[in-house]
Every structure is written in structure tokens, then in C-alpha cells.
1. What residue, of VAL139, VAL114, VAL68, is crowded, with 18+ Cβ neighbours inside 10 Å and in contact with a Ser or Thr (Cβ under 6 Å, 6 or more places away or on another chain)?
2. If you take the residues in the range 431-444 that are surrounded by fewer than 23 Cβ atoms within 10 Å (Cβ to Cβ) and within 26 Å of ALA499 (Cα to Cα), which one is farthest from the chain's Cα centre (by Cα)?
3. Check whether at least one residue in the range 385-405 is in a strand (DSSP E or B), closer than 20 Å to GLU522 by Cα and of a type in the set (A, V, I, L, M), and report yes or no.
4. Just to check your reading of the model, which residue among ALA396, ALA417, ALA384 is in contact with a His (Cβ under 6 Å, 6 or more places away or on another chain), modelled with pLDDT under 85 and among the aliphatic types (A, V, I, L, M)?
5. Please return the ranges of helices (runs of 4 or more DSSP H) entirely within the range 16-125 where 1 or more residues are modelled with pLDDT under 85 and out of contact with any Pro (no Cβ under 7 Å at 6 or more places or on another chain).
6. Can you tell me which residue within the range 468-500, out of those that are in a loop (DSSP other than H, G, I, E, B) and modelled with pLDDT of 80 or more, is nearest to ILE415 (Cα to Cα)?
7. Considering only the range 249-264, I want to know if a residue exists there that is touching a helix residue (DSSP H, G or I) at 6+ places or on another chain (Cβ under 7 Å), surrounded by 15 or more Cβ atoms within 10 Å (Cβ to Cβ) and part of a loop (DSSP other than H, G, I, E, B).
8. Just wondering, is there one or more residues in the range 215-228 that are in a helix (DSSP H, G or I) and either surrounded by 14 or more Cβ atoms within 10 Å (Cβ to Cβ) or touching a residue at least 60 places away in the same chain (Cβ under 8 Å) (or both)?
Amino acid sequence: MKLQTKITGVFSLVLVLLFLVLAWMVFGNVRSTLHDQMGSSAMDLAVTVASMEGVQEALGTGTNQAWVQEQVESFRSQTRYQYIIVMDMEGIQYSYPYEAGLGKKYRNGGEERVLRFGEAYVSADDNALIAAIRAFAPVRHEGRQVGAVLVGLLTKQVYEENRGNRQKLEAILLLGLVAGIGISGFLAYNIKKSIYGLEPKEIALLLGQRDLILASLSRGIVAVDRQGKVILMNGMAKRTFGAEDAIGLPVENLHREFGRALLEAMEAEGKAGQREIALGMGRILLCSYCPMADPKGGLTGVVASFENLTDAKRLAEELTGYKNMVQALRAQNHEFLNRLHTIGGLVQLEEYEEVMDYILRVSEDVENVSEILSKRIRESHVAALLLAKYHKVTEAKISLQIHPESRLERIPDGISADGVCSILGNLLDNAQEALEGTSNPWIRVLVEEGREALEIRVDNNGPPIPPDLGDRIFEAGATTRGGERGMGMKIVKDLVDRAGGRIDWENPSGGGVRWSVDLPWESCWSGRCMDG
């Protein structure tokens, strides 16, 4: 069966079902509306008859029954109602469409509420002979109920009166159905035309050709199913991850962090997002991922596309290094001016020996820091950061000591120089804030190239961290100082985890806090990360 025939048949079936349901709802609504209108109209007439003084007086005195029959029947003959019955409290009929029913008790039922409780209401009379809508209204005379009025309208007559409208409605629905079927055929033709008259087999062939085109893109593309297994990789993705035949394998086999990002997106109900991923060897990817859904909206997997940001990241790191250098120069200039002011004051006070001691002491401190940073910290970004932090901390009257055995000549594969600066900068800022109000505050920094990892140690003599805080200190918003803080350690923790490293803290027996960070030299390539 051709595609156009299938589409026309399915749409026609849907339209027929839709119009059947619509007709059922419309006619049901019309019937309900007619019943409501009939009831309201009958109630209006019943209340009108019940308010006639002659009727009230006749029922109240038990006389003039003939007058009631004559007046009510004369009134009824000018309406479309089949019967108007006036009865007393015993149900004795004072008016009836046929004289044979006068003086007899009303026996069709439904009058108990109006006679016993004086209620006005509408009820349906459905029996084997007739179907009618009835309205009951009480009749009162001199403040007491003396009877009731019953007005009845046959539903069959109302339907006959509205047959013309019903036929018009049926014609409109039928025309709508015919028009819908015609439109579905036209739509099927347009769909077939929009896909250039292709059949499903031909479309499958085109999809295969599209895959060939995707394989030649410079942007990598990877798709995974609900189980986290790779179902598609283009050529760039294969070259990036060095995996020629990864279809059907867990995505984490390509790269641990890349696979984790896609699985997290799956767990988050496939919300789209972006993430930077460090592959090692200085390579950085900007990965964008979004959900794949079936026609019913169910999540079937996640597709990720990525581009290499290595060159752009390298340029950004150079700019960050320049920024750190500028900050260091500004801090150094500010500190230099403060020291000049101090020397000038001592000279004015003729404290020449104190001037010499001060100059020697400052020169020694600066020479020590400069020698360590210039000779042992060869990574310019980290050296510039430490110099800037040194002057900033010194200006805050805190002693910053960089361990003379510190050494840094290269950056681990799993992290960039900017990442190392972020870790070190956040640890130093955290230590400086912790030392507020501490007497003789000091910070000690050690950056050492270990055999298996880059080791960073930051000690301070500030207040210890509460032991019950535990690993919660790495959560966003966690802080020991209150306020809207607590993001720095979360950033550090994310960077360390991304590099496959480890971060710990402890409260030494001598007081203060020690932070330890180990960043392995080997990258997290293909999910192989060192544990320590």
C-alpha cells in the first residue's frame, strides 16, 4: 500500500470517529438544552397560573371550579402546552384537558413535594405511554398554601418543532465530515509532495546517505540509547576518542567524564545543556547534549555534539595569566607605596637605624618570594597568581609563606593551568577569610611535583573546621562563616573530580586547618584515572 493511501485511510477513519463523537456530544447537548428550556418555560407558565387571583380564591374557598376550568383551558389553548392541571391540597383536579377528569384525584405521581412542602420544581414524566416535562408550582391564598398548579409539555412535540434545526445540524456535520475526508486526501497528497514523492524505502536510503554526510562533519556527534550504549558516532567522534567500533558499547568506555555527562543528562529526563570536558594532553571539548524522544514523547536516549576548544582555551588561559600579572603588579605597586610612606615617616622621625632594619627585612621577604616564584614555579600563570595573592594577603596583615621546596614546571594532563589557578586561588581566599579576627595570622603554601601527582598543600592557623561538617563542606552554599557563600569549595571539588584527583582537609593537632589536593599526572583518558 502506498504512503498516500495509508495517510488518507487513517485520517478518514480518525475523522469519522471524531465526527461520531462530536455528533453524540452535540445532540446530547441540544437535547439537554431543550429539556432545560422546556422546564423553564413550563415553570414560568405554572407560576403565572398560580398567581391568578381567581385560581387562588377558588382553591381557598373550594368554589368556582367551573370558572377555573373555563379560564385555565381558555388560557392553555393559546399555548403549546398539552395540559394545565389545577389541584387542591388533596390532589383533587379543578382543571383538566378533558372534563372527565374534573373532580378526580391526580394519580400520575410527582406532586408530593409541592403539596407537602410547597416547593416549586421541574420533573420529567417518562412512562410507557408519554414522555413530558412537568413544572409544579404552589398556589397560596391569604398566606397559606391551598393547592398547586401542574403544567405539562410533551417532549415529542418539542422534538417535532425542532426537527428542522436538527436536520440542519445533521447536514452541517455530514458536510464537515465530507470536507474533512477531502482535506485528509489533500493533506496526504501534500505530504507525499513535500517528501518529493518518496516512499519509505527511498527515505531509508536517503537517511543512509545522510549518515555519510554526518560522518564528514568537523563537529563530533555521539548518540546513546536509554541503556547508555552508543548507537551512533560520526567520523570526528571516532577520531577524537580513538574508537573505531564503539557501537553497542557503554558510552563511558569512550571517556569517563564524557559518558558521565550523557548519563546525567539521561537521569535529568533529558534536559539539554552544555559542559566543558578535559580529555587530557591539553585537549578540551565543549559538549552540547539534548534528548532524543520517540513519537509518543518518551525519552529514547541523548545525542551529544562537541567541538574542540583547545586553541580557544589556551588563548583564554594566556589572557587569565596576563590578568593575574596585572593584579600582581597593582598589588605590588600599592604595597610599594605603603612601604615608601613607612620609610618616609621613619626618616622624618630620624629613626635611621629602624629605616635600615625595615629596608633589609622587606628586601629579604621580597627576595625570598621572588626567588621561589622565578626559579621554582616555572608555570607563569600559577606564579602570577601566587605573586598577586602574596601582595593581597600581606596587605591584609597576614603572613603568606611559600615553601622553599615548592616546584611546578608542568600541568597535569587532566586539568588546565587555569584550573590549577582556580583551585589554588580559592584555597587561598578561603584561608584568608578564615583568618579574620585571628591574632598573628599566617598561611603556608606548598606546590610540589610528586612522583604520581601534583601536590598542593595550604595550611593556616585559623579556627578548625567542625568535624560534623564532613564532605558537606564541598556542597554549594556550605560554609562555616554564614552569609551567601560556600561556592568556592564546590568549584574546587568539581575541578579536582574532573581531573581524577583527590581533595582532603584536616584539623592538625597543633591547631588550624590543612587542605591537601592531589592531581594525577596521567589524564582521565578513556576512563583511566588514578585513585591517588
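1. Of VAL139, VAL114, VAL68, the one residue that is crowded, with 18+ Cβ neighbours inside 10 Å and in contact with a Ser or Thr (Cβ under 6 Å, 6 or more places away or on another chain) is VAL68.
2. Among them, the one singled out is ARG444.
3. Checked against the condition, which is being in a strand (DSSP E or B), closer than 20 Å to GLU522 by Cα and of a type in the set (A, V, I, L, M), the range 385-405 yields no hits at all.
4. On the way: ALA396 fails: in contact with a His (Cβ under 6 Å, 6 or more places away or on another chain); ALA384 fails: in contact with a His (Cβ under 6 Å, 6 or more places away or on another chain).
Of the residues listed, the single one that is in contact with a His (Cβ under 6 Å, 6 or more places away or on another chain), modelled with pLDDT under 85 and among the aliphatic types (A, V, I, L, M) is ALA417.
5. Qualifying helices (runs of 4 or more DSSP H): 53-61, 65-76.
6. Checking each candidate, the answer is ALA499.
7. yes
8. Yes, some residue in the range 215-228 is in a helix (DSSP H, G or I) and either surrounded by 14 or more Cβ atoms within 10 Å (Cβ to Cβ) or touching a residue at least 60 places away in the same chain (Cβ under 8 Å) (or both).
The values are calculated or read from the model by the stated rules, or taken from the named source; none is laboratory data. What you see is a predicted model; the values in this text were computed from it and never measured. As a convention, Cβ positions derive from the backbone with ideal geometry for all residues, glycine included, and neighbour counts pool all protein chains shown.
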